[in-house]
Amino acid sequence: MPPQRFALPTEVPGLAVRRIAADILDGVLHKHRTLDEQLDGAAAGAGLSIALACDLRVASTSVKITTAFAKVGLSGDYGGTYFLTHLLGSAKARELYLMSPVLTAQEALALGIVTRVVPDAEVEAAAHELAMSLAQGPSVTLGYIKRNINNAEHMSLEACFDAEAMNHSRSGETADHKEAAKAFVEKRKPAFQGH
């Protein structure tokens, strides 16, 4: 009997998809910048999964949102089950994955899947405005806030207190914090530089 041949990771098609997804999502998750996503037309399957990995999501009023996978005989990819479960809890994630309903923008907003809903003609401008607002903010501090929230999903309360204290102290040492304190005293809007 010839020896049994096992599939190497490069021979498993799903692993190739996983590597692509990991590369894309690494840029979203492990960067300490905040990211927003514009949703218009349809957000389904892997496109929805990538959007769910972002910090904030702006949707047009006519967008249709669905996990879609169950309707095409697939189980899901690009971390969508992970992100939706963390965002909405396992019961709602099960419903949305197993039933694959098509949600309106307002339904997605009510569930907390999207951050804001704007008229179709304004979605690009609204997403750009949100991105610029984040980009012009205290980017180092926003990165620490993102870390604190990510830590809260898997660390103990005590460990979160320690991480928050460390990140708070580090934020307090930034030029952006010093600028914000000065601007507060001078009753003006701070001009953040991202350091």
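The values are calculated or read from the model by the stated rules, or taken from the named source; none is laboratory data. From a predicted model like this one, the values you see are computed outputs, not experimental measurements. As a convention, Cβ positions derive from the backbone with ideal geometry for all residues, glycine included, and neighbour counts pool all protein chains shown.
Between 93, 108, 127, which is in the same structural domain as residue 36 (by TED's automatic domain parsing), over 23 Å from residue 153 (Cβ atoms), touching a residue at least 12 places away in the same chain (Cβ under 8 Å) and not β-branched (Val, Ile, Thr)? If you could, list the steps in order and put the result at the bottom.
Details: 93 fails: over 23 Å from residue 153 (Cβ atoms); 108 fails: over 23 Å from residue 153 (Cβ atoms).
Being in the same structural domain as residue 36 (by TED's automatic domain parsing), over 23 Å from residue 153 (Cβ atoms), touching a residue at least 12 places away in the same chain (Cβ under 8 Å) and not β-branched (Val, Ile, Thr) holds for just one of 93, 108, 127, which is 127.
Taken together, the residues in region 97-125 that are touching a strand residue (DSSP E or B) at 6+ places or on another chain (Cβ under 6 Å), outside any strand (DSSP E or B) and surrounded by fewer than 20 Cβ atoms within 10 Å (Cβ to Cβ) amount to 5.
Collect the residues in region 169-195 that are among the hydrophobic types (A, V, I, L, M, F, W, C), in a loop (DSSP other than H, G, I, E, B) and in contact (Cβ under 8 Å) with a residue 24 or more places away in the chain, keeping them in residue-number order.
Keep residues of region 169-195 that are among the hydrophobic types (A, V, I, L, M, F, W, C), which gives 175, 180-181, 183-185, 191-192.
From the residues that got through so far, the ones that are in a loop (DSSP other than H, G, I, E, B) too are 191-192.
Within region 169-195, 192 is the sole residue that qualifies.
When residues in region 76-96 are screened for being among the hydroxyl-bearing types (Ser, Thr, Tyr) and either crowded, with 20+ Cβ neighbours inside 10 Å or on the phi > 0 side of the Ramachandran plot (or both), 2 of them pass.
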